[in-house]
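The values are calculated or read from the model by the stated rules, or taken from the named source; none is laboratory data. Keep in mind it's a predicted model, so treat the numbers as computed, not measured. As a convention, Cβ positions derive from the backbone with ideal geometry for all residues, glycine included, and neighbour counts pool all protein chains shown. Just the protein is used for accessible areas: all its heavy atoms, side chains included, with ligands, DNA and RNA removed. Shrake-Rupley method; radii C 1.70, N 1.55, O 1.52, S 1.80 Å.
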Amino acid sequence: MDITRMSDDYQILTASAEEMGAATKFSATQAGNALNYLALAGYDAQQSVEALPTVLNTAAAGGIDLAYASDLITDSMSALGLSMSELEGFSDKLAKTSQKSNTNVAQLGVAILTVGGTAKSLSGGVEELDTMLGLIADNGIKGAEGGTALRNIILSLSAPTDTAAAAMERLNVSAFDSQGKMRDLSAVFSDFNAALAPLTDQEKTQALSEIFNKVDLKAVNALLGTSAERFGIKRLHRKLQRSRRADGKDYGR
C-alpha cells in the first residue's frame, strides 16, 4: 500500500488486525496476512479494513484459506462489476447457496470466476447467478465445469446463432422481454419445458442441439428437469432476503 509503520493508515490496519484476531477464529497475524492479500488485489487501507471481516467470514464459512478467500471475493466482484457496498451481500449469498445446494463456497467461487462478466446480463444479478450455479451443481456439474456450462448457456440464449434463433422462434421462446432486457432464466426454461412437452424425444433433442452446444446439454437438461417448486424455493429465498434487508430481521434462517 506504499505506507510506513509511522503512518496513520498503518495504525488503522494494525488495530483492525488485532480486533479481528480477538473477535474471530483467526489470529491477529492471520488477519494481518489477509490485509496483505487485499493490498495485492489493489485495495487501499480503508477498503481493506472494510473488506477484512467479510474475507474472514467467507474463509471460515467455506473452510478455505485466507489467500483464496481474498482472491475469490476481489476477483469475482471485479468480474461482475460489483461495488464495495455489495461485498457483504455477495459473501452472504455465496454461503447461503452452498448451504442450500450440493456445492461449496470454493466450488462456487471457481464457477463464478469461470462465468465472469457474462453473468452481468442476468436480470437477477448475483442472486440469479448463484441460484443457477446451485441448481446445476445439484446435478453434479460443479466448479469450472458448472461455470463454463452456465456461461455457454447464457451466450447461447443472449447471442444465438441463426440456427438457434430460428429454433427458438419455432418454439416461441424468447430470452428477452419486450423492452429488450434478458428475462430470468427460470422463466425462460419454464417456457422451454412447455414448448418441448408435445414433442417426441428425438424432436426435443434436435431442437436443443440447434440452440445449445452439445457439450452443455447435460446442464441444459438439468435446468429443464428442475421443478417449478425448486425454482420457487430459490425465488422465495430471494424474497425473504429482501424482506430481511427491509426490516433488519433474518427471515432466511
Restrict the check to region 182-199 and report whether at least one residue is part of a helix (DSSP H, G or I), under 16 Å from the mean Cα position of the chain (by Cα) and in contact (Cβ under 8 Å) with a residue 40 or more places away in the chain. yes
Residue check for Asp130: open to solvent by 40 Å² or more (accessible area, probe 1.4 Å) and either of a type outside the set (A, V, I, L, M, F, W, C) or at pLDDT 90 or above (or both): no
Among the residues of region 1-46, the number that are open to solvent by less than 80 Å² (accessible area, probe 1.4 Å) and over 21 Å from Thr58 (Cβ atoms) is 7
State yes or no: is Ser85 closer than 30 Å to Ala15 by Cβ, open to solvent by 10 Å² or more (accessible area, probe 1.4 Å) and either out of contact with any strand residue (DSSP E or B) (no Cβ under 9 Å at 6 or more places or on another chain) or at pLDDT below 90 (or both)? yes
Pairs, please: C-beta under 8 Å, at least 6 apart or cross-chain, first residue under 14 Å from Phe192 (Cα atoms) and in region 155-173, second part of a helix (DSSP H, G or I) and among the aromatic types (Phe, Trp, Tyr)? Leu171/Phe192; Val173/Phe192
With the checklist (1) at pLDDT below 95; (2) assigned to a helix (DSSP H, G or I) in hand, flag the one item Gln206 doesn't pass. (1)
Of all residues making up region 94-106, the number that are open to solvent by less than 60 Å² (accessible area, probe 1.4 Å) and within 13 Å of Ala137 (Cα to Cα): 6
